[in-house]
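First comes the structure, then the notes that go with it.
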Amino acid sequence: MEAPPTHGFWNLPVDAAAHGHALDTHLLLNLWIALALLALAHLILLLGIAIRKRTPRPYHQLFIEYLPLAALTLLFAFLALRAQQLWAAQRYTGADLSAMQVEVTGQQFVWYFRYPGPDAAFGRTNLSLVAPAEVNPLGIDPTDTYGRDDIVTSQLVLPANREVDLTLRAQDVIHGFAIPEMRIKQNAIPGQTTHIHFTPEIPGDYAILCTQVCGMGHYRMLATLRVLPPAVFNTWLHTQEALQAKDKAQP
Amino acid sequence: MPSTITPPEIDRHRISDGNNGHRPPTDKRTGGNGEGDGDNWNNRPRGHRGPHERISQARIGLFFALGGDLMFFVALISVFFVTKASGHFDAYDHFINSWLPTAIPSILWLNTIALLLSSVTAEIARRAMFREVDAMDEWFGLGRPVSYRAAIWLSATLALGLLFLAGQWVAWDQLAAQHVFFRSNPSSHFFYLITITHAVHLFLGIVGLIVALAALKFSRSLATRQVWVDTTVWYWHVMGALWIFLFLLLEFGQ
Amino acid sequence: MTILQGCAQCLDSTRATPPTVQAAYRHAIILLASAGATLFIAGTLLLRRQR
Amino acid sequence: MSIPTTPGTPPNQGAPSSRGFIALRWARRAPRAIFSTDHRIIGFGYLVISLIAVILGSLLSLVMRMHLAWPSWQLPLHGPILPEEYLALVTMHGTLMLFFVLTVAPQSGFGNLILPAQLGTRHMAFPRLNALGLYLTALALIILVAAFFVPGGAPIGGWTAYPPLSSTPLAGPGEGLGMDLWLASIALFAVATTLSSINMLTTITKLRCEGLTWERLPLTVWGWFTAAILSIIAFSVLLAAILLLFCDRHLHSGFFLPAQDLISGVLLQHRGDGSPLLWLHLFWFFGHPEVYIAILPGMGLTSMVIANFSRRRVFAYRLMIATTLLIGFLGIIVWGHHMFVAGLNPFAGTAFSISTIAIAIPAAAKVFSWLATTWGSRPRLTTPMLFALGFVSLFITGGLTGPILAQPILDEYLHNTFFVVAHFHLIMAMAGVFGLFCATYYWAPLLFHRTLSEPLGKLHFWTTLLGAYSTFLPMHFTGLAAEPRHYSQLTGIAGPSATLLQSTLPLQRHITASAIFLLCAQLPFFLNLLLAWRRPANDPADANPWHATTMEWAPNALNPHPNDEPSIVYRGPSHYTDSGKEFSPQWSPVNTFNTEAE
């Protein structure tokens, strides 16, 4: 039985990443505060229209303008500060050195995922060598020995509870790489690499979306993230490596 | 307010005479008059409040227009700096920056001098518009010394401006002879982009000069002539200053 | 073994944006923002000054 | 020849008001009206342009909504909506609404109609420049709409036109000639708006009448002034960006393109290493102030209308001036919050986040002022007042999600989802449109010399408010469920992605139904205008039916006679006695007018 894709009053998808819990807490805090302020402001607006003050009194600008303003400033400062802490934890530093490396390449309208293989290094790529018909959609340079064992897949498979460092690239136009259940999103920009790192926690299949309009097929630039228990992942990876070795052995 | 001639009462209250030579233009700034009590708005003619208001209005419009222009060039210059620094890593992890500075043709120095000189002549023309003695002469019916004097200097400005544009053309020609085109290099993109957009602006200035000269010849209202000459010359000055900045950027900023 | 992937990111970080380019972006952002802000303030002061 | 006519009178004389005559009279008058430099006629011209654009833009959005909720639905006379057509609809809807409705109508349209009268002047500073702006805007609209009819259709990259998608025809249909037309249209529009803003700024700076000091200016004027300064700053940068993109498209430069780019199997090579991020910076440097250009005049009008019908002074008037300017100022330095996940340096993300959240403070101050002004005043709930209150409500609802999106870590989840769509439609589109409706109902006696029907106006207000909330509130929830923007279909390839996307479909259908309701709710408005058209003109004695205090309501302020005395302003706007029964208009040397005596 598949769980419903979203849950709760706010309709959020399940959170399956290590940093997702803190993010969700902060997001929900923000949403409830916004809802409360919304209700309060509308209450004041409607009450203010409905009631009739008997004797007009002079304005107390301090109490009805500056004090609430100061309170709001403090509230927003607090929220901003917490958000910056979470942001800094995720973005100010790169992934741990032991993090798993996967390269993500967006092109109209597919995602490709590349694992470095047993040598732990990605081979050079060259856009002029891109040949999807010859099973080289990323243009891996055949003269580079690092590239021989690189594994290219169309499904992102990751082990649970291990940090992963994604290198994002785009071949043609800007794409948006997003995994809602992992609470990550980052654009892939042609001509430059960007990094994003996270730790998947709960095994399962998750949606990968393109979130930056990239052409007519934008809506079907979807992929799947499969998070596996570590042991199962290792088996999968070994199978892929063996397949890759067999492919390269054949001339 | 110091006014050398106090106009008769009837002139002061005449409704909207358009300043077509009815009243003596004595205000040193613009030739306005009839506002001894400058703060009493009721004494100002209806519709427009005297020539000084008109010229200040034109100047403020010009200020905002040039503000927009400034942002246009600031955007270009921001991109200039980023593009200059940008590069990529090649297959061997060397950082490759493909920016090759474009050799600036030395004729640009001459052009710059021509433009500087044109600003001087333009300023002389602008000041000539506000010579009180000439304005009075015209009012007395002794010809049009204001227009005469300013037209000479404005024509000199026009000639120097055309010289500058011709010089720019020569510079583009020289670069083309060295096979440096717009598409050659990021730096040449910017050289052409900056010089051409500036030339377009200067061309607008030349149109302004021609209109101002036409106004000097045909307009009966001194205020109208003053507005055209004053605004065009201020525009010309700013384009000159902008050119100095852009030229220094191209010469030393690459 | 697949647990240790080595320092692929070390190699990769040199591919990322060099500090000079970062600085160029920073300067461009500051230039644009300050030019815009200056013009905004100048326009407002102009209104203030006229009467 | 059986019609009996008395000799000496030519035939046809008996029917002087026949339609043929009216058409003839219009045909004779039209050229003079079209080529007029009169700011009122220019203002009406701008309103006509934005009326055309808003009808077109709304119909486009309706087609989008229908397709999204029922993907197999066929557009009559056209057939099914293809994915690229859907994206073309998105692009054109955004462009029409943002540029030709929300920039043109409040700023150039009502600005031209009302601003000179509020300043107590009879003309704009540069009438011919003003007219030129109108012609260029009209030309820009024609060129934009033409993009639908060229091979490949309209561009598909959204109104933000991110390169490399927008820099080569290879990237998709509509990115060829369609994109060129889009660029030409927006470049013209940028020039037109700059000209119009120069005119407006100079008018406000120089042509205020006697006594109209800095603090006596109505808040509408402050809104127009700030929006005009922002226009000058923002549109110039947009023009530069468009020039650079044009070079990239046609002159083989690579300002916004990497050295190598592989699009549709074709390897494009350029000298140099440009970056699409540069376009994002330049575009959003324009794009964010643009949002304030759209909304600031509405904020000013809301303040004035609420004060007018509450019979109160605007609460904290000086602070409202300061916040208007502050919102404009901060608007210049926050553009990076559109780029948190676009490859911006994370430290820059923090800086932009802080400056963005700072805008919440002046915006909240405005809300407090509106709430405090109405509090306990028992305002007259006329249609313009209702629309002003609706503006406040939508501004609060849409505004509260602003600080959420300004936090980069939350934006990481919400970026480019329908949450963002909900946010900007509530605060900019709906609040902006409510500002426009408020302006139309409030100033109708001046513009048409007729009041609009109150019952129809109230029907229009309540249905529109209901439709707006019913359409855009649920979008928050589809956005929180991670539904991305710009998806032409939510059903597709099986897998977890399809499951996630399909989960929002029931809500989508509700949103589409609400959108249809929202559009139908506009019928009373057009009916109202039509009825007013046929009604006889007001009695001139009724020239100030709302008992307003600002200068445009002074006798004949909009149609001054050349021999009128120049206007003089004696006090700030919205002066009412505590009982609310007496008021002191800005133009009156006498202190009080009794509302009942009027």
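The values are calculated or read from the model by the stated rules, or taken from the named source; none is laboratory data. Just so it is clear, the model here is predicted, and its values are computed rather than measured. Virtual Cβ from ideal backbone geometry, glycine too; neighbours counted across all protein chains shown.
Can you list the strands (runs of 3 or more DSSP E) lying wholly within segment A:188-237 that have 2 or more residues being more than 24 Å from D:PRO169 (Cβ to Cβ) and out of contact with any helix residue (DSSP H, G or I) (no Cβ under 7 Å at 6 or more places or on another chain)?
Values: elements: A:194-198, A:204-210, A:223-228.
Where strands (runs of 3 or more DSSP E) fall fully within segment A:188-237 and carry at least 2 residues being more than 24 Å from D:PRO169 (Cβ to Cβ) and out of contact with any helix residue (DSSP H, G or I) (no Cβ under 7 Å at 6 or more places or on another chain), they are A:194-198, A:223-228.
Considering only residues that are of a type outside the set (S, T, N, Q) and either surrounded by fewer than 16 Cβ atoms within 10 Å (Cβ to Cβ) or modelled with pLDDT under 90 (or both), which ones fall in segment D:477-494?
At the first step, the residues of segment D:477-494 found to be of a type outside the set (S, T, N, Q) are D:477, D:479-487, D:490, D:492-494.
Answer for segment D:477-494, where residues must be of a type outside the set (S, T, N, Q) and either surrounded by fewer than 16 Cβ atoms within 10 Å (Cβ to Cβ) or modelled with pLDDT under 90 (or both): D:LEU490, D:GLY492, D:ILE493, D:ALA494.
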Could you list, ordered by first residue, the pairs with Cβ atoms under 6 Å in which the first is in segment A:83-95 and at the interface with chain D (Cβ under 7 Å from one of its Cβ atoms) and the second is in a helix (DSSP H, G or I), at least 6 apart or interchain? A:ALA83/D:ILE409; A:GLN84/D:THR350; A:LEU86/A:ALA22; A:LEU86/D:ILE409; A:TRP87/D:PRO408; A:TRP87/D:ILE409; A:ARG91/D:PRO346; A:TYR92/D:PRO346
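Quick one: is D:LEU325 at the interface with chain A (Cβ under 9 Å from one of its Cβ atoms), hydrophobic (A, V, I, L, M, F, W, C), surrounded by fewer than 23 Cβ atoms within 10 Å (Cβ to Cβ) and in contact (Cβ under 8 Å) with a residue 24 or more places away in the chain?
Working: at the interface with chain A (Cβ under 9 Å from one of its Cβ atoms): no; hydrophobic (A, V, I, L, M, F, W, C): yes; surrounded by fewer than 23 Cβ atoms within 10 Å (Cβ to Cβ): yes; in contact (Cβ under 8 Å) with a residue 24 or more places away in the chain: yes.
Here the answer is no, as D:LEU325 does not meet what is asked.
Would a scan of segment A:117-129 turn up a residue that is of a type in the set (A, V, I, L, M) and either free of Cβ contacts under 8 Å to residues at least 12 places away in the same chain or in contact with a Phe, Trp or Tyr (Cβ under 6 Å, 6 or more places away or on another chain) (or both)? Can you show your working first?
Within segment A:117-129, the subset of a type in the set (A, V, I, L, M) is A:120-121, A:127, A:129.
Checking the rest, the ones that are also either free of Cβ contacts under 8 Å to residues at least 12 places away in the same chain or in contact with a Phe, Trp or Tyr (Cβ under 6 Å, 6 or more places away or on another chain) (or both) come to A:121.
The answer is yes; a qualifying residue exists.
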Name, by its number, the condition in (1) closer than 23 Å to D:SER393 by Cα; (2) crowded, with 16+ Cβ neighbours inside 10 Å; (3) more than 14 Å from chain A (Cβ to nearest Cβ) that does not hold for D:PRO474. (3)
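Residues that are within 30 Å of D:PHE583 (Cβ to Cβ): list the helices (runs of 4 or more DSSP H) wholly contained in segment D:470-552 that include at least 2 such residues. Please lay out each step first, then the result.
Working: elements: D:496-502, D:505-520, D:523-534.
Passing ranges, in order: D:523-534.
Residues checked against (1) touching a Ser or Thr at 6+ places or on another chain (Cβ under 9 Å); (2) closer than 30 Å to A:HIS21 by Cβ:
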{"position": "A:PHE76", "(1), (2)": "no, yes"}
{"position": "A:ALA83", "(1), (2)": "yes, yes"}
{"position": "A:ALA99", "(1), (2)": "yes, yes"}
{"position": "A:VAL110", "(1), (2)": "yes, no"}
{"position": "A:ARG114", "(1), (2)": "yes, yes"}
{"position": "A:PHE122", "(1), (2)": "yes, no"}
{"position": "A:THR125", "(1), (2)": "yes, no"}
{"position": "A:ILE140", "(1), (2)": "yes, no"}
Can you tell me which residues in segment D:334-379 are more than 9 Å from chain A (Cβ to nearest Cβ), closer than 30 Å to D:PRO276 by Cα and among the hydrophobic types (A, V, I, L, M, F, W, C)? D:VAL334, D:TRP335, D:LEU344, D:ALA348, D:ALA351, D:PHE352, D:ILE359
Here are some conditions: (1) part of a helix (DSSP H, G or I); (2) facing chain C (nearest Cβ under 7 Å). B:ASP93 meets all but one. Which one does it not meet? (1)
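Would you confirm whether or not segment D:7-18 contains a residue that is in a helix (DSSP H, G or I) and at pLDDT below 95?
Applying the first criterion (in a helix (DSSP H, G or I)) to segment D:7-18 yields none.
No, because not a single residue in segment D:7-18 is in a helix (DSSP H, G or I) and at pLDDT below 95.
Residue by residue, here is whether (1) buried (at least 21 other Cβ atoms within 10 Å of the Cβ); (2) within 12 Å of chain D (Cβ to nearest Cβ); (3) at positive phi; (4) modelled with pLDDT of 95 or more holds:
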position: B:ASN185; (1), (2), (3), (4): no, yes, no, no
position: B:HIS189; (1), (2), (3), (4): yes, yes, no, no
position: B:LEU204; (1), (2), (3), (4): no, no, no, yes
position: B:ARG220; (1), (2), (3), (4): no, no, no, no
position: B:TRP234; (1), (2), (3), (4): no, no, no, yes
position: B:GLY240; (1), (2), (3), (4): yes, no, no, yes
position: B:PHE247; (1), (2), (3), (4): no, no, no, yes
position: B:LEU250; (1), (2), (3), (4): no, no, no, no
Options D:LEU165, D:LEU181: the member that is in a loop (DSSP other than H, G, I, E, B) and touching a helix residue (DSSP H, G or I) at 6+ places or on another chain (Cβ under 6 Å): D:LEU165
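Please verify whether D:ILE306 is surrounded by fewer than 21 Cβ atoms within 10 Å (Cβ to Cβ), β-branched (Val, Ile, Thr) and either in contact with a Pro (Cβ under 9 Å, 6 or more places away or on another chain) or facing another protein chain (nearest Cβ under 7 Å) (or both), treating the condition exactly as stated. Steps first, answer last, please.
Details: surrounded by fewer than 21 Cβ atoms within 10 Å (Cβ to Cβ): no; β-branched (Val, Ile, Thr): yes; either in contact with a Pro (Cβ under 9 Å, 6 or more places away or on another chain) or facing another protein chain (nearest Cβ under 7 Å) (or both): yes.
Criteria not met by D:ILE306.
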Can you pull out the residues in segment D:236-284 that are in contact with a Gly (Cβ under 7 Å, 6 or more places away or on another chain), in a helix (DSSP H, G or I) and either facing another protein chain (nearest Cβ under 7 Å) or of a type in the set (S, T, N, Q) (or both)? D:SER236, D:LEU277
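Can you name every residue in segment D:464-504 that is under 30 Å from D:LEU386 (Cβ atoms) and among the small types (Gly, Ala, Ser)? If you could, list the steps in order and put the result at the bottom.
Taking segment D:464-504 first, the residues under 30 Å from D:LEU386 (Cβ atoms) are D:464-479.
Once the filter is applied, which keeps residues that are under 30 Å from D:LEU386 (Cβ atoms) and among the small types (Gly, Ala, Ser), segment D:464-504 yields D:GLY467, D:ALA468, D:SER470, D:GLY479.
Matching residues to (1) at the interface with another protein chain (Cβ under 10 Å from one of its Cβ atoms); (2) at pLDDT 95 or above; (3) closer than 14 Å to D:ALA364 by Cβ:
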| site | (1), (2), (3) |
| --- | --- |
| A:GLY20 | yes, no, no |
| A:HIS26 | yes, yes, no |
| A:GLY48 | yes, no, no |
| A:ARG52 | yes, no, no |
| A:THR55 | yes, no, no |
| A:GLN61 | yes, no, no |
| A:TYR66 | yes, no, yes |
Complete set of residues in segment D:68-84 that are on the phi < 0 side of the Ramachandran plot and not hydrophobic (A, V, I, L, M, F, W, C): D:PRO71, D:SER72, D:GLN74, D:PRO76, D:HIS78, D:PRO80, D:PRO83, D:GLU84
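Residue-by-condition table, conditions (1) surrounded by fewer than 23 Cβ atoms within 10 Å (Cβ to Cβ); (2) of a type outside the set (Asp, Glu); (3) at the interface with chain A (Cβ under 9 Å from one of its Cβ atoms):
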site: D:THR382; (1), (2), (3): yes, yes, no
site: D:LEU389; (1), (2), (3): no, yes, yes
site: D:ILE396; (1), (2), (3): no, yes, yes
site: D:LEU400; (1), (2), (3): no, yes, yes
site: D:HIS423; (1), (2), (3): no, yes, no
site: D:CYS438; (1), (2), (3): no, yes, no
Condition first: facing another protein chain (nearest Cβ under 7 Å) and among the hydroxyl-bearing types (Ser, Thr, Tyr). Now tell me which residues in segment C:18-36 satisfy that. C:THR20, C:TYR25
Please determine whether any residue of segment A:153-167 is in contact (Cβ under 8 Å) with a residue 40 or more places away in the chain, under 16 Å from the mean Cα position of the chain (by Cα), within 10 Å of another protein chain (Cβ to nearest Cβ) and within 22 Å of D:GLY349 (Cα to Cα). yes
Give the number of residues within segment B:158-170 that are buried (at least 19 other Cβ atoms within 10 Å of the Cβ) and either among the aromatic types (Phe, Trp, Tyr) or under 11 Å from B:PRO105 (Cβ atoms) (or both). 3
Can you spot a residue in segment D:211-218 that is at pLDDT 95 or above and either hydroxyl-bearing (Ser, Thr, Tyr) or assigned to a helix (DSSP H, G or I) (or both)? no
Pairs where the first residue, in segment A:9-38, is charged (D, E, K, R) and the second is surrounded by 19 or more Cβ atoms within 10 Å (Cβ to Cβ) and in a loop (DSSP other than H, G, I, E, B), C-beta under 8 Å, 6+ apart: A:ASP15/A:ARG183; A:ASP24/A:ASP15; A:ASP24/A:ARG183
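So, of the residues in segment D:495-523 that are aliphatic (A, V, I, L, M), within 29 Å of A:VAL157 (Cα to Cα) and within 10 Å of chain A (Cβ to nearest Cβ), which turns out to be surrounded by the fewest Cβ atoms within 10 Å (Cβ to Cβ)?
D:ALA498
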